Amino acid sequence: MKQVKRQVAACIGLCAVLAFMNVDKLLAQGTLEDYQRAYSLHDKFSNKVFYGNVRPQWIVGTDKFWYVRDTPQGKEYVLVDATKKKRSPLFNQEKLAKSLSTLNSPRKEMATELSGQTTPLLASSFGSVTKARGEAISATSAQREESWRLPASSTASVQSVHTVAPLEKGKKDVDAMQLPISFLSINATLDTLKFVYKDHKWTYAERKGVLTDNGKVEKPNMRYWAENLDENKGEPVVSPDGKRTAYIKNSNVYVKDNQSDKEKALSFDGSPGEFYAAQIVWSPDSKKVAVMKVRPAEKRYIYFIESSPTDQLQPKLHKREYAKPGDALPVRCPCVFNVETGQTAIPSTELFNTQFEVRGLEWDADSKTVMFEYNQRGHQVYRVLELSAGTGKVRTVIEETSKTFVNYNRYFRRDLSNGKEIIWMSERDNWNHLYLYNRQTGRVENQITKGPWYVREVMHIDEANRLIYFSANGMAKGEDPYLVRYYRIHFDGSGLTCLTPEEGMHQATFSPDMKYLVDTYSLVNKAPVAVLREAKNGKIVMPLEQADITKLVEAGWKAPEVFCAKGRDHQTDMWGIIVRPTNFDPSKKYPVIEYIYAGPGSQYTPKSFIAYNWNMSSLAELGFIVVQLDAMGTSFRSKAFEDVCYKNLKDAGFPDRMEWIKAAAAKYPYMDIDRVGIFGASAGGQEAADAVLLHPDFYKAAYSSCGCQDNRMDKMWWNEQWMGYPIGKQYEECSNVVNAHLLKRPLMLVVGEMDDNVDPSSTMQVVNALIKANKDFELVVIPGSNHTMGGTYGEHKRYDFFVRHLLNVTPPAWDLVR
């Protein structure tokens, strides 16, 4: 009997163990299955949203526009006549597909004489493919503006015209519903298309079915973003009346009579150390020129090594121009020269003597004054100034001041054609608004927009009817204050009209004549809707599309949740989103990971519908709740809301973020706020590292990529805006290099060795400080990579990092994943 009891007990025990193992398996997260699902999610959710991506292209000179309609069968090119409220195909897609298919067929060359030159042509039974003559390629300036840049040599002679591109033989026919064309435009008569196909520029005369090859697409000559214009260089400038040419010679201003070729110097004091810039501006009456006199400053460069170049074995040394906080800057002074009398107007610099930037030389219509702008170093003063061409005196037309910073990135100024008024944007009343200035008196005639909301962008100014069309957020009560709508208002502040009243994040495209607008709107959890409206009142003219997400939902997509909670002051709402895994189970406990980019300078949490969030969706699949929010220190709320960041970027809104996450966890107990991780790149990389250095009791692990870890190491324009000038102790207090010794939590640092946005040395100096402080951390250096979150390799490292440190699970072997 005892033996039977022992066997029963053993059996019960075994069952309990097995049951426990099964429950443990059920609750497991960070498994190989989770990884496979995470990596498959993008493809799983791709091409599952139909009729939602309306991007209208208005056709100049008409009330028509076109857009590409995403359907389950493919892409339809749709033409809409706004006046007639009718839609039709933009062109015959089958016909174009057949013409393009001939380019993929084996060649049959024919010879033809063009200006004595033999040029191969393609024979086609579906439409002819011709070679454009030089004069045809050059066409008119209007056509060039409408289409693409053409080779400069293409107008010289037929010999310089490209032959039809040697395309691959034997390829299958082009699918009419998946036309592989880009940069499409169409003329006003709707009979000629221009587009790019296989890196060539093509013109297609639809009625004749003729395809014309206009040569290979030129790669644009891109200037590095931090490289300043060489003001010594510039083309000679001809006067409006065509009689004279002004130019720079030996650092001085010269003018030449175009009839006699006689030249004379207008300035004599220019030198390489203090030169006159080549960007010369003539007065409308052709009697004067305005030019900046420039005292250059020594340039700073950043250096980095490309360890593994693709074209050689040995590494390469690179350098980029890169001004950092506190560096010397050029000093500019606007000067006016009378080309007839030789009189000069060189002003006192009293009103613009501590320069971050002096820019713009804009003559008034009567050639008596020149307008320019001054941005004070430290950004606490911004002035619009007027220089008298006769006396050289400078007066202030508009002045902005702030104890923190004038947000010059919110800049808008429009000088009205009457020469008497200016429309100006300012945050002076704690909100971003528009003001009407009297140019003569320098006084505000009236505040145009007013209230606890934020003007985002001026779309159009109708001077004849004294109307402004603009976008704004925060005007509608009881909803997410970041949602953008479109409005119009009179110059005197009357007649404010909302043109896009439905709740959502709106994107409007106005017709050139401002009679209509195409409005597409959505929310992160609501599919896009597109309608055509009247621009005068927002009345819907006709519906365009309602996105269909049926297939997306069937694939397992779950909408993010919009969540709002109070911030540090227990009064101000913080808005964010919560992303859960597709196999979400409320009976489980989920660690929380925050994706952070706190800027400042903008608002970053998604507000529009997206099927797949690159930063959040797949990460959640591993068994996490992933969140993102905009906290104090970011833009598009009040000026005071953003001013929290001033001289204190280490704040990064963390007091608000922690309150928000705690509130979410109070509502959703499955959110485990004892296991909170954080990750970000660039400013977000700095902020992620901040989190574990300064708030280790809340944030338990951080992935920090390409972070500007010490603001003294980063770009001048961004950091002096928020951290102030001169460089003071605040820079040291916010430095992750200085604070590296505080590390108590797991930290992974990631950097691209070729990062020319944030100096890679910024990360390496944190590495150095951590080593000196005897701290354990992880470092990933990605050869050949620029400014990056880490790419696919870094993504996998990030997944493993959080699985290991927040789930306490050993990640699956890499060769098993995918």
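The values are calculated or read from the model by the stated rules, or taken from the named source; none is laboratory data. What you are looking at is a predicted structure, and each value in this text was computed from that prediction instead of being measured. Here the Cβ positions follow ideal geometry from the backbone for every residue, glycine too, while neighbour counts run over all protein chains shown. Quick note on the areas: whole protein, heavy atoms, side chains included, nothing else; ligands and nucleic acids left out. Shrake-Rupley method; radii C 1.70, N 1.55, O 1.52, S 1.80 Å.
Shown in residue order for the range 251-256 are the 3J(HN,Hα) couplings computed by the Karplus curve 6.51 cos²θ - 1.76 cosθ + 1.60 at θ = phi - 60°: 6, 10, 8, 10, 9, 10 Hz (x for Gly and Pro).
To the nearest 20 debye, what charge dipole does the chain have about its Cα centre, counting +1 at the Cβ of each Lys and Arg and -1 at the Cβ of each Asp and Glu? Once rounded to the nearest 20, the dipole reads 1160 debye. Which net charge results when you count Lys and Arg as +1 and Asp and Glu as -1 among the other residues whose beta-carbon is under 15 Å from that of GLU263? Net charge around GLU263: +3. Taken over the chain, the ratio of Cα radius of gyration to 2.2 N^0.38 Å equals 1.11.
What is the range 182-238's relative contact order, in percent, from Cα pairs under 8 angstrom and six or more apart in sequence?
20 percent
Quick one: longest stretch of the chain between exposed loop chymotrypsin sites (Phe, Trp or Tyr not before Pro), exposed meaning at most 10 other C-beta atoms within 10 Å and loop per DSSP? Segment 269-818 is the longest. Spin-label model, ASN537/THR391: points 7 Å from Cα along the beta carbon direction are separated by 5.2 nm.
Pair-distance distribution P(r) for the range 720-808, from all Cα-Cα distances in 10 Å bins starting at 0: 15, 37, 37, 10, 1 percent. Placing a label point 7 Å from the Cα of VAL60 along the Cα-to-Cβ direction, no residue of the range 70-97 has its backbone N under 15 Å from that point. Modelled label positions at GLU321 and MET222, each set 7 Å beyond Cα in the direction of Cβ, lie 1.8 nm from each other. A simple rule links phi to the HN-Hα coupling: the Karplus curve 6.51 cos²θ - 1.76 cosθ + 1.60 with θ = phi - 60°, which for the range 468-482 gives 10, 9, 8, 10, 7, 10, x, 7, 7, 7, x, 9, 3, x, 8 Hz, with x for Gly and Pro.
Straight-line cross-link partners of LYS95 among the lysines, defined as a Cα under 17 Å from its Cα and at least 8 positions apart when in the same chain: LYS75, LYS172, LYS194, LYS208. Starting from the Cα gyration tensor of the range 422-539, take the square roots of the eigenvalues, sort them a ≥ b ≥ c, and report rounded, prolate or oblate (rounded when a/c is under 1.5, otherwise prolate if a/b is larger than b/c, else oblate). Oblate is the answer for the range 422-539, as a/c is 1.5 or above yet b/c matches or exceeds a/b. Dipole of the chain computed with +1 at Lys/Arg Cβ and -1 at Asp/Glu Cβ about the Cα centre; of LEU41, SER185, ASN736, farthest Cα towards the positive end is LEU41. Within a straight-line Cα-Cα reach of under 20 Å, LYS639 can be paired with the following lysines, leaving aside sequence neighbours fewer than 8 residues apart in one chain: LYS403, LYS450, LYS477, LYS566, LYS647, LYS650.
Bridging of LYS299 to aspartates and glutamates at a Cα separation below 16 Å is possible for GLU227, ASP230, GLU231, GLU274, GLU321, ASP327, GLU357, ASP714, ASP756, ASP759, once same-chain residues fewer than 8 apart are set aside.
Under the convention that each Lys and Arg Cβ holds +1 and each Asp and Glu Cβ holds -1, the size of the dipole of the range 340-488 around its Cα centre is about 360 debye.
Once the C-beta distance of GLN314 and PHE412 is scaled by a Förster radius of 45 Å, the resulting FRET efficiency is 0.35 to the nearest 0.05. The mean sequence separation of alpha-carbon pairs under 8 Å and at least six residues apart, normalised by the residue count of the range 428-537, gives a relative contact order of 15 percent. When you restrict to C-alpha pairs under 8 Å that are six or more residues apart and normalise by the size of the chain, the relative contact order lands at 9 percent.
The simple spin-label model puts a point 7 Å past each Cα toward its Cβ; for HIS460 and ASP366 those points are separated by 3.2 nm. With respect to the chain, whose longest principal axis is taken over its alpha-carbon atoms, helix 654-667 is tilted by about 40°. For the range 524-648, the per residue solvent-accessible surface stands at 35 Å², with DNA, RNA and ligands left out and a 1.4 Å probe.
At a Förster radius of 35 Å, what calculated FRET efficiency corresponds to the Cβ-Cβ distance of SER40 and THR71, to the nearest 0.05? Using R0 = 35 Å, I get an efficiency of 0.90. Shown for the chain: the carbon plus sulfur share of the solvent-accessible area, taken with all protein chains present and a 1.4 angstrom probe, equals 51%.
As an exercise, use a Förster radius of 60 Å and the Cβ-Cβ distance of ALA813 and ALA640 to find the FRET efficiency, rounded to the nearest 0.05. Calculated value: 0.70.
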